[in-house]
Structures are given as C-alpha cells and as structure tokens.
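Student: Just dropping this structure here.
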Amino acid sequence: MTEPLQLPALHASHAGTWLREGSGQTRGVSKGDAVMAAADTPLLMVNAPLVATRLGYPDLSGLDLLELYAFVRPAKFCVPTAKGLAEAVGLPPPESDADTPAMLQRAAARLMETCRSDDWAEREGAWSTLQSLTRLRWPWAPLLREHVRKPERAEKWLFSRLPEWEEAPERPQPRQIKLSGDEVTAQLDHLTGEGSERREGQRHFASEAASIFAPREKRSAPHLLLAQAGTGIGKTLGYLAPASLWSHAAGGTVWVSTFTKNLQRQLRQESGRAWPARRSDGSRPVVVRKGRENYLCLLNLEDALQGGFAGRPAILAQLVARWAAYSADGDMIGGDLPGWLGTLFRKRGIAALTDQRGECIYAGCPHYRKCFIERSVRSAAQADLVIANHALVMINAARARDAASVPRRIVFDEGHHVFDAADSTFAAALTGRETIELRRWILGPERKNRGRRRGLAARLADVSSYDEAGGAAIEAAIEAARVLPSDGWLERMAEGLPDGPVEALLYQVRAATYARDESGGQEAGYGIETEAAQLPGELVEAAGHSLSALNEIRMPLVKLAGRLEAVMEAAPDWLDAQGRARIEGARHSLAWRIDLLAAWIALLDRLGGPVDERFVDWLMVERNDSREFDTGIQRRWLDPMEPFARTVLDTAHGVMLTSATLADRHEDGPDWEGAIAKSGAAHTDAKPLLVNAESPFDYANRAEVLIVTDIKRGDLAGLAGAYARIIEKSGGGVLGLFTAIRRLRAVHGRIADRLAREGLPLYAQHVDPIDTGTLTDIFRDDPAASLLGTDALRDGVDVPGESLRCVVMEQVPWPRPTILHRARRSAAAASGSTGQAFDDAIIRARLAQAFGRLIRSKDDRGHFIVLSPAFPSRLKSVFPVGTPIIRLTLDEALARLSGAQDGTDASVETDVREDENSGAFET
Ligand code: SF4
C-alpha cells in the first residue's frame, strides 16, 4: 500500500473546490481561499490550467501531477483527469470530488515509488533530465531528487541514443496481378479470425474493393470505386483484405488515407491482423505518414534545450526530450505525445519544436540520420501499407520526392471529406502570414535568438561558392525578398504605415474589406470578408506593384532551381551522399516556393483583369474577439476536384472513396450524383463503380430521432435549459453539437456548475483549455460526462458503448453564407440544380455525420435530438431507413429519455406523432 505524499492537494470542478492539508482533512473551500492557499505553498493538482480556469485565476501554478506523469511515464497514455490519472497509475478512481485530493496524494506517491523501483522502464535519461529540470526550478525537481538515483555510468545524451535510419534502394515497380474473389474472401476470413460472424455485406464490400488493384487499362483512367459502407459493416478489414493480398503478391504500396486521427489510430491497430509489426529484416510493413509539421524536429529541440527556450517553455522542452527518447515515431500531434502536454504550458511551445516553416536544412542538420521526419518518409517508400491523411496524399501526389513515393493505389476512408481536403490543399492565400513565412524561408531569422534556423544563403553556402550563377541567383532572391512583409506588419497596417509593395497591397485589402463587409462579423468581432470584385483603383494599382515584386523573387528562384539541377547532374568531387541529399531537399522545397509564388502571381494578375470562372477570390481580415491575425486575398477552386483529378487521379492506378455518408440518402436509396461529382470522376476518363453496403444495425429499435419543436431560435435561456434537462435526464453521456462558438460558450456558462453539482461533468471545446482529442478521451472515459463542441466533433468522435447515449444538435446545421458558399451555390443553380438543393446536400451530410456518432456498435442505443421547430421534412430521409423520427415538445422528449433509462422505450409508441405530415416541418 502506497503511503500518500504529505503535501496539500487541491481539486476544483464546476461543483466546487476541495483542499486537503498535507495530512489533515479534506474540506470544501471558496475559490478565493483556494487561490490564497496556492499562493502560499505549491499544491498538488491535476491539469493546472484547467484548475486555473475553474478558479478564475489565470496565474495559478502548483505541482501538476500531469507534468510529473509526463516525466515518469513518457510516451504513455493517460486521460488528464483525476479518474484517468488514478487508472494510469493503478489506483482506484476517486468516488467523489471530495475524495479527489486524497487520491492525488496517493498518485504522487505512486509515481515517486515508480522512480525508485528497479524495473522502471523509462529510467534511462531520467537522472540527467532531472538535473536540467532542477536548474530550471521545476517545482517537482526537489521532490524527485531523492527518488531518482544517479546512474553508475553516464547516461547517453538523447541525440546519441536515437537509432539512425537506413538508406534503402528504391522499390521496383509492383507486379501486375489480378485478385480472384475467392482469394479475397479467404483473406477476409483469415483477418476476421476463425469463428467470427460471417457478414455478407462485408464480403461483398471486400470483393468490390479488390477491383481497384487490377492492372490499369488506360493512362489517366484509374479504377475508381465509390463505396457507401454503412456503419458496422466492417469496412476497414473489408478493404485491408484485398490491400494486404495485393501488396504481398505484387510487392507494391497501398495508401489508406483518413481525415481524422482517430481512424488512423484504429487502422494502425487493425492492420496488425494483416501485417507483422516488423519484417524479417527489421523494417516496418505498415507506416503512419503525416505532414512534416506533425513531427518533432530534433534540431529545434536541441536549440530549445540549449537556451532557445526560457522559463516554462524550457521545462516543456525537457519533458519533450524525455518523450522523444521513448516515442515510437516522434509524432507530436496525435501520436504518443500526450495531447495535453502542450496545453499545460500555454505557449505555442509544441509548434515551435516541429518543422512548421519548412526551414529544415536536411543533410546539413547534425541529426539528419536520426530525424523522425526523414525516417518516416523513407519507411513509407518501402512500406506495404501507408496510413496517411487526405491532404498529405494530395501533396505527395503533386510533389513526391521520387516515383516510389507517389500514391498510386489509394483508399480514401472518410471519403466524404475528400472534397473539403482538396478545397484547402489546392487553395491559394496571399496573406500577411504567408508572405512573412516566405520571407523567413529566403532570408533566415532576422532576430538574434532564432536558434540555428537558416536562410537560403546559409543552407546552400557550398553551392554558391562553387557555382557562380547559383550564387548570383541566391543573392538576387534575397535582395528581392526584402520587400516582403516583415515583423510588425500587423501594427503597421493598423497605423496606416505599410512598408513595401506587398504590405501596401495588404493595407488596401484590409481597408476595402472593412469598407464593404456586411456579414455582421465586424460588430461581433469575427473575421470579415468581401468579394474580389469592383475593386478600388488604389487596390488594383497596389496589386500590380506586388505582382512585379513577386515576379522579382520568383525569377531568381527558378534560375537557382536550374543551377541545382545542373550541379546534381555534373556532380563535383566534394558532393558526397549527404551533400546530394541536402541539394535534393533544397530542390524539393524550392519547387514548392516557386509554385506558391506562381499561384500568388496568377491571383494578382486576375485582380485587375478578366474574371477566371474556375476560381472564387475574396478579400479577408481574419479576426478573433476583434483581434486581427491576418489579412489578404484568398483563392479557391470553384470545383477543387478538378486539380484533385489532375494530380491524384491522373497518376493513380486504383482509387476508392468510402464512407458511411459518401452518398446522400433518399427514400429509395443512395443518391450517387453528388458523390460522383465530389470524386473528381468528371475530370478524368475514369468510370466510377458504385457499391452500397447497408449498415447491419437495428436502427428501428435502437435509435430515435427527436425533433424538439418548442425551443425557439434565439432563445438562449431556453436552449441552455433544454441542454441541462436533457443531460440530467440522460445522466450524462450527451454529445452537444453547436454551429456557433458563441452560443456554445453561453450555454456552457449557464449550465456547467448546475450539472457538476449533480455529478454530471460538462466539458466543452473552445472553453476548456484542452485539445479536442483529449476532450474526446475524457468523454469516452466517463459515462457521466457530457461534451459540447462544434464541427470537429461532428464526425471525429468514435465513442461506442455507454459513454455516448444521446447526440443533441442545437439547430439545423445551415451552411454559413460565406462568399465561397454563395459562389458554389450560384454555380449549382446555373448548372440545373437549385440553391436550396445545394444547401440541403450540405445540411443532410452534416446531419448524417452527426447521427453517425450515435450508434457505433450493434449493442449501442440512443437518441438523436434536434432542438429546432424548423426542421424541414425533406431532410428526413437522411436517417437510416426505419429510424423513428418524432416531432414533439421538450417535455415529451424528456419522457422518452426516461423510458430509455429504464428500458421501456424499445419501440416507437403509436400515440407519439410520427413525422408523416411533411408540411408541418417546412421552414
Ligand atoms: S533534418 Fe530537418 S526536420 Fe530533421 S531534425 Fe534536422 S532540421 Fe529538423
């Protein structure tokens, strides 16, 4: 039995605040007393920023057990609550708020006991890190000193302990083979395991999925499969069966692309049925690939550890270094670095440790051979299965380093998001932030304390001394880039003192946006925008000057790219493998910047000239709570599937888009028209094959859609009251979805305390200082908890079982009437559809995604509630066939929830008004 650590402990929830003296009693205290106590002596607590929010005292600090956990158990999962911590250290969870401080004392003691134990798996490196943390005055350091013993031999420094990646030859082309139906079903049986239930829908799905692996018959015409796969058919194994067969027999790579990190995690697990963790040569057949901004940059970490970070961020850097030594892949965002670690330190410390700005110096970096990013890129080129996200697949298709890294057989799971991912991937944004990034990439840091990040000249110093023309191009690019916006540009905008042609343009853009925006965002403090039409002469003139300035930068960069190619071709003696790799890296990132500049130039060219119908352009000022962050010109493709088809489909041999909500659902089955349009098929010679596998779940008896008609739009008190009563009646387990952050905050503010007093914790995105993934973990972990959120939770939450019993939408999720939305709506109307049909498709997709959160396994049951008297009846068919849809008052809805609680609502009662009266629902 662990003796509790005799230090005072504090716990604060929405229900109150509890303080326990070192060895005394736990007592409820006021917020003021808690703040005073924390000022007197460091208190044990869990998640100090959250406690600070609860107490309304942002400067609160103390002995945060999550920091201790991150030190003792780096790269180990822990839900960042008292209950989660108790489970992670093997203690019984506290039974009440009042029990929590005592548990914190026991948990602290348990973690220190771990440090003393001989079988502490993460001992290596702990002593050295603790010495640094002591110098940084980490509050836990003095307490840990007597528990972490000095090692007999000096510990290896992190950067020498990490393994090096191996260079491997490029993979040969895959063999051209055809999979037979029998082979695929046999493989599926193998993956699902002996004795598992035979699911016909899954078998059918797997056989159809095999079609994308057949040899391609025509250039630019991949096999294209659109597969609607209802929740529960087992689509993951359904496509992994042919994918694993094919990769094994053909020796090629299959890319599975997801939109959410959640599905990536699930895929990583499920792929274990088809592939071993390691091949006989030690390499990994399954690799997770993310954008480089997700991974720890070891050079940035080294800079941070050596004085680049000070104060609290320096402590964060030490804890990240602890983690890096035990991490599976160095993935900081959604990998094994706890999502809560960054939020404990409040600053943007995590982002500063990744390679956000593309300033990687490749083989010029002392950690190049151990770099997590380089390792992941190399492993992916040799992998059988690459698990990636939609944006990365598109970027790799456009800019892969070599032929073997181009995705050619791709399964887009969560395929309903491909359109949105293409929309942002192929967008162009000429804004202050983007231009300042380019300036930094070319010029390097202009302030002293920016570590070893370097500009173009330093990165390519050897080339410029060897190749005169290359050196001159670098000089010219640097000179030209000096006219780009620099630090302080936002202040200069506000003061009306722009510096240089691009800042002058941004100043005009900002002025025009403020003059013309009518969205209501100005008053509300939100971002504002106006279309790029009928622009003032000053703006058009400024655009012309900017265009010339950007051209002046682009030309020497193009010249430099040519010189680098020439240097590579006639490689000088001094160019060793490392030097080649560095020049390759530079060419790659150079090509990216040249394309970026070309996109900006095209955008500016259009401002004063004729409209290009393929694009939607607008001016914007990005703001949050009236504070400006960015300003500039945005460009989106009217149909982003056009560039998608050109870059992804044209080069691919087989592509599958699959999702439970790929196609809109009408009374008589899936409506494929929209799904085909959003696949890009129209822009290629591909003929899409369509498959529909219905969900095996019994929605008729396990789910109900309740349309609550007596909460009026705009009645905030009524809305908050409805949420509180629904959560109370369900006993928690409610996922509340909002279309506006302001309303979410208002509702949370009104009801969180009341619910907490009843033992029903309420968490909220945009309120609690916790990232979305962690909020979902907390929600999943506690069946009494409820969670409020916006878009990211609408289809990023997979919570089967008790923890999610009810989904509540505050209103019909209408699309926001942005300039982009209006343009696409008009285009739809012009091509024979109607604006209303366009909007309906968006709403129906959102409803289908939100409803999809409810029933995740065959044993789940629950209610889907929409608090809206104006629910158009034409949207009804979006719910699975047979799902009862009932229009009723809040009181009636609560009565049905009570029935669910005591198990009496298994079927729809005949006296409840069924939604057959379509007219009654029209807005
Ligand atoms: S190779 Fe690039 S990303 Fe990797 S550690 Fe070095 S600078 Fe960072």
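Student: Looking at this structure, is R149 touching a His at 6+ places or on another chain (Cβ under 7 Å), surrounded by fewer than 20 Cβ atoms within 10 Å (Cβ to Cβ), more than 30 Å from Y763 (Cβ to Cβ) and modelled with pLDDT of 90 or more?
Tutor: no
Student: Can you find a residue that is of a type outside the set (S, T, Y) and without any contact (Cβ under 8 Å) to a residue 40 or more places away in the chain anywhere in segment 684-706?
Tutor: no
Student: Here is a follow-up. Determine, yes or no, whether P445 is free of Cβ contacts under 8 Å to residues at least 24 places away in the same chain and within 16 Å of the ligand (Cβ to nearest atom).
Tutor: yes
Student: What about E3, is it surrounded by fewer than 18 Cβ atoms within 10 Å (Cβ to Cβ), in contact with a Pro (Cβ under 6 Å, 6 or more places away or on another chain) and at pLDDT below 90?
Tutor: It is false that E3 is surrounded by fewer than 18 Cβ atoms within 10 Å (Cβ to Cβ), in contact with a Pro (Cβ under 6 Å, 6 or more places away or on another chain) and at pLDDT below 90.
Student: Of these, A214, A154, A168, A210, which one is modelled with pLDDT of 95 or more and either within 20 Å of R273 (Cβ to Cβ) or exposed (fewer than 15 other Cβ atoms within 10 Å of the Cβ) (or both)?
Tutor: After applying the criteria, what remains is A210.
Student: Counting just the residues of segment 330-370 that are among the acidic types (D, E) and buried (at least 20 other Cβ atoms within 10 Å of the Cβ), which one comes out farthest from R582 (Cα to Cα)?
Tutor: D331
Student: Just checking, how many residues over segment 520-548 are in contact with a Pro (Cβ under 8 Å, 6 or more places away or on another chain) and among the polar types (S, T, N, Q)?
Tutor: Total satisfying the criteria: 2.
Student: Can you tell me how many residues within segment 1-57 are in a loop (DSSP other than H, G, I, E, B), closer than 14 Å to T81 by Cα and of a type outside the set (V, I, T)?
Tutor: Looking only at that region, the number is 2.
Student: Separate question: Does segment 485-492 contain any residue that is within 19 Å of A542 (Cβ to Cβ), in a helix (DSSP H, G or I), among the aliphatic types (A, V, I, L, M) and touching a helix residue (DSSP H, G or I) at 6+ places or on another chain (Cβ under 6 Å)?
Tutor: Among the residues of segment 485-492, not one is within 19 Å of A542 (Cβ to Cβ), in a helix (DSSP H, G or I), among the aliphatic types (A, V, I, L, M) and touching a helix residue (DSSP H, G or I) at 6+ places or on another chain (Cβ under 6 Å), which makes the answer no.
Student: In addition: Of the conditions (1) over 30 Å from G525 (Cα atoms); (2) basic (K, R); (3) surrounded by fewer than 18 Cβ atoms within 10 Å (Cβ to Cβ), K678 clears all except one; give me its number.
Tutor: Failing condition for K678: (3).
Student: Separate question: Scanning for something assigned to a loop (DSSP other than H, G, I, E, B) and modelled with pLDDT of 95 or more, does segment 66-74 turn up at least one residue?
Tutor: So far as segment 66-74 goes, yes, one or more of its residues are assigned to a loop (DSSP other than H, G, I, E, B) and modelled with pLDDT of 95 or more.
Student: Here is a follow-up. Given (1) more than 16 Å from the ligand (Cβ to nearest atom); (2) out of contact with any helix residue (DSSP H, G or I) (no Cβ under 8 Å at 6 or more places or on another chain); (3) in a helix (DSSP H, G or I); (4) at pLDDT 90 or above, where does Q318 come up short, assuming only one miss?
Tutor: (2)
Student: Only helices (runs of 4 or more DSSP H) wholly contained in segment 345-418 count here; list those with 1 or more residues that are among the hydrophobic types (A, V, I, L, M, F, W, C), away from the ligand (no atom under 16 Å from the Cβ) and under 26 Å from K678 (Cβ atoms).
Tutor: So the answer is 390-399.
Student: Specify which of the listed residues (V256, V288) is in contact with a Lys or Arg (Cβ under 7 Å, 6 or more places away or on another chain) and crowded, with 19+ Cβ neighbours inside 10 Å.
Tutor: V288
Student: Need pairs with beta-carbon distance below 7 Å; first residue closer than 14 Å to A141 by Cα and within segment 309-322, second of a type in the set (V, I, T); sequence gap 6+ or separate chains.
Tutor: Pairs found: Q318/T129.
Student: What are the pairs with Cβ atoms under 9 angstrom where one residue, in segment 353-379, is within 12 Å of K290 (Cα to Cα) and charged (D, E, K, R) and the other, located anywhere, is near the ligand (Cβ under 8 Å from one of its atoms) and assigned to a helix (DSSP H, G or I)? Sequence gap at least six, or different chains.
Tutor: E374/Y362; E374/Y368
Student: What's the total number of residues in segment 839-874 that are in contact with a His (Cβ under 9 Å, 6 or more places away or on another chain) and over 28 Å from K729 (Cα atoms)?
Tutor: Counting residues in segment 839-874 that are in contact with a His (Cβ under 9 Å, 6 or more places away or on another chain) and over 28 Å from K729 (Cα atoms) gives 3.
Student: Now a separate question. Within segment 449-458, identify whether any single residue is surrounded by 22 or more Cβ atoms within 10 Å (Cβ to Cβ) and in contact (Cβ under 8 Å) with a residue 12 or more places away in the chain, and answer yes or no.
Tutor: yes
Student: Let me ask something additional. Can you name every one of the strands (runs of 3 or more DSSP E) wholly within segment 201-294 that holds 2 or more residues which are in contact with a strand residue (DSSP E or B) (Cβ under 9 Å, 6 or more places away or on another chain), of a type in the set (V, I, T) and within 15 Å of L385 (Cα to Cα)?
Tutor: 254-258, 286-288
The values are calculated or read from the model by the stated rules, or taken from the named source; none is laboratory data. This structure is a prediction, so every number in the text was calculated from the model and none was measured. Note: ideal-geometry Cβ built from the backbone for every residue, glycine included; neighbour counts use all protein chains shown.
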